[in-house]
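Below is one structure, written out as structure tokens; comments come after it.
What follows is calculated from the coordinates using simple rules that are stated; it is not laboratory data. Computed from a predicted structure; not experimentally measured. All Cβ positions, glycine included, derive from the backbone under ideal geometry; neighbour counts span all protein chains shown.
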Amino acid sequence: MTIRVLIVDDQMMVREGFSVLLNAMPDIEVVGEAVNGHEAITQVAALHPDVVLMDIRMPGLNGIEATRAVVASDADAKVLVLTTFDLDEYVYEALRAGASGFLLKDASARQLADGVRVVAGGEALLAPTVTKRLISEFAQLADRARPPAGAYGDLTERETEVLVLIAQGRSNAEIAADLVVAESTIKTHVSRILVKLGLRDRTQAAVFAYEARLVTPA
């Protein structure tokens with residue numbers, strides 16, 4: 001299947017550059033562009049892209065609010081945040097708003113395409129060291145959003161174990177290998193975790209684990 005992508009950035013050169021890079025991939029098609037958050041919301045409603053490449057810092061409606069609106073209006077759309085700085089203070093808020101991961105704007109063509117594929121496939125883009133560092137860094141500032149005690153009490157011991165491994169950036173295959181079970185079993189655990197905690201995807205699960213201090217920020 002072809003992955004349909006919407007690019008949202010207020011800089012024309014960035015939009016055109018990413019469009020050229022992604023359209024060169026046989027399995028990816030850029031179906032539209034938007035110059036700000038308001039236009040992004042309109043384009044998502046009209047085009048129903050699989051992945052939205054979302055700049056954070058835009059005039060008018062910024063990427064955080066646009067991300068929150070997009071994931072609320074289209075449950076299938078995955079948002080991949082774009083930022084210039086690896087420790088951009090707004091990235092953590094974007095992840096909490098519903099983004100499935102983030103990439104630096106200086107990512108290579110291969111990293112960009114792989115990031116789109118990972119997010120489109122339902123995985124969180126948490127593998128890069130910089131992403132895990134960012135989540136750890138800003139989770140320390142999230143006490144105001146920390147889930148109340150017992151908020152994850154419905155999880156089984158194994159589900160809690162899987163949640164911790166998700167927060168550490170492990171894939172389903174890696175978690176299955178660590179726990180010596182079938183990958184299909186891990187997929188079932190992940191689905192149950194998301195349902196029990198009322199979370200959208202693996203990225204939200206990872207953020208939850210840090211905020212709940214199931215994983216101690218390094």
Taking 0.36 nm per residue of separation between A109 and V31 and subtracting their Cα-Cα distance, the length gained on full extension comes to 26.3 nm
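Using a Förster radius of 35 Å, what is the FRET efficiency between Q11 and K196 based on their Cβ-Cβ separation? Nearest 0.05, please. Please list the in-between numbers first.
Numbers: r = 41 Å, r/R0 = 1.17.
Given R0 = 35 Å and the Cβ-Cβ separation, E is 0.30.
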Net charge (Lys, Arg +1; Asp, Glu -1) of residues whose beta-carbon lies under 12 Å from that of K196, K196 excluded, is -1
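What ranking of Y90, Y210 emerges when the number of other C-beta atoms within 10 Å of each C-beta is taken as an exposure proxy, fewest first? Walk me through the numbers before you get to the answer.
Details: Y90 17, Y210 22.
Result, fewest neighbours first: Y90, Y210.
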Here the gain from full extension of L47 to T185, 0.36 nm per residue of separation minus their alpha-carbon distance, amounts to 46.2 nm
